[in-house]
Amino acid sequence: MTLPHPVAGYRPAPDGAHPPLDFPEYRSTGLRAPAQAPIVVRHRLTEVTGPLLAGERLGPSDHDLTTQHAGEPLGQRIVVFGRVLDSDGRAVPDTLVEIWQANAAGRYAHARDNWPAPLDPNFTGGGRVVTDATGNYSFTTIKPGAYPWGNHHNAWRPAHIHFSLFGRAFTQRLVTQMYFPDDPLFAQDPIFNSVPDPKARQRMVAAFDLEATRPEWALAFRFDIVLRGREQTPFEEPHE
């Protein structure tokens, strides 16, 4: 997370924690990766103080993607929960956490997603929460399905949920993906495998949590997000 000033106890991520911007196996990075080193623009007061991303910006159903429409969505209900932590394991409160995902059939509610899987009129696939005083967040949603993409022959993306985290301003944003344990598609997915360090790669995989499962209602998966340091969660762009 880019910060306007040094942070006490800051520990940089080890080499191999984040994917390179240009990863040949992930073909579209060759089109969008910068050809030259990015220029760091100094943040001024406007960039580091606004807008305020507080809890009053949340809707009543933003945390529960299964109740955002009149009917119930199709698929396996799940609870995705965890904590946002710094490099010393301390809670990071008041962080806006957003998710977006495909439905149970592996299709996004997006005009450009037109592969022949059914849309679900009762599932849009987007939610948001703000972490509490102890860094906790929780979503109720539907387990997403795998879907094909045109990266290579017979390419399928493992089931995943996209995460976006904001600090105090839009310039303080991190994006990552959460995967599910034991997915058979891991080995052939270049996005998952673009993280160089295998141990760091596993930090993008949620853990099934039977104790947190809601009996006769929803399975539960824990996904803690560490912003910095040795145990840092891999993010889509390198940062300090």
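The values are calculated or read from the model by the stated rules, or taken from the named source; none is laboratory data. What you see is a predicted model, and the numbers here were worked out from it, not measured in a lab. Note that we place each Cβ from the backbone using ideal geometry, even for glycine, and neighbour counts take in every protein chain shown. Surface accessibility is based on the protein's heavy atoms, side chains included, excluding ligands, DNA and RNA. Shrake-Rupley method; radii C 1.70, N 1.55, O 1.52, S 1.80 Å.
Shape of the stretch 124-232 from the C-alpha gyration tensor: oblate (a/c of 1.5 or more and a/b not above b/c, with a ≥ b ≥ c the square roots of its eigenvalues).
Taking ASP22, ASP113, ASP197 and ordering them by how much accessible surface each has at a 1.4 Å probe, largest first, produces ASP22, ASP197, ASP113.
The Cα atoms of the stretch 27-227 give a gyration tensor whose axes a ≥ b ≥ c have a/c under 1.5, which makes the shape rounded. Indicate the gyration tensor shape class of the stretch 162-225 (rounded, prolate or oblate), computed on the Cα atoms with a ≥ b ≥ c the square roots of the eigenvalues: a/c under 1.5 is rounded; otherwise a/b larger than b/c is prolate and the rest oblate. Oblate shape, in that a/c is at least 1.5 and b/c is the bigger or equal ratio. Heavy-atom accessible surface of the stretch 27-227, averaged per residue, reaches 53 Å², computed with a 1.4 Å probe.
Taking a label point 7 Å from the Cα of SER61 along the Cα→Cβ vector, which residues of the stretch 99-140 have an amide N closer than 12 Å to it? Backbone N within reach: 121-126.
Tell me, how many Å apart are the Cα centres for the stretch 21-93 and for the stretch 138-184? Their Cα centres are 10 Å away from one another.
For the stretch 132-142, backbone phi angles converted through the Karplus equation (6.51, -1.76, 1.60; θ = phi - 60°) give residue-by-residue couplings of 7, 4, 9, x, 7, 9, 7, 10, 10, 8, 10 Hz, Gly and Pro being listed as x. Count charges around PRO158 for me, please; just the other residues with Cβ under 9 Å from its Cβ, Lys/Arg as +1, Asp/Glu as -1. Counting the neighbours of PRO158, the net charge comes to -1. Packing around the peptides 39-47, 178-186, 24-32, 218-226, taken as the average count of other Cβ atoms within 10 Å per residue, puts them in this order, highest first: 218-226, 178-186, 24-32, 39-47. The GNM of the chain, with springs linking C-alpha atoms under 10 angstrom apart, assigns the highest mean-square fluctuation among GLY82, GLY125, GLY59 to GLY59. Taking amide H as placed 1.01 Å from N in the peptide plane, ASP224 has its amide H under 5 Å from the amide H of ARG83, each at least 5 places away in sequence or on another chain. Measuring nothing but protein heavy atoms, the accessible surface of the chain at 1.4 Å probe radius is 56 percent carbon and sulfur.
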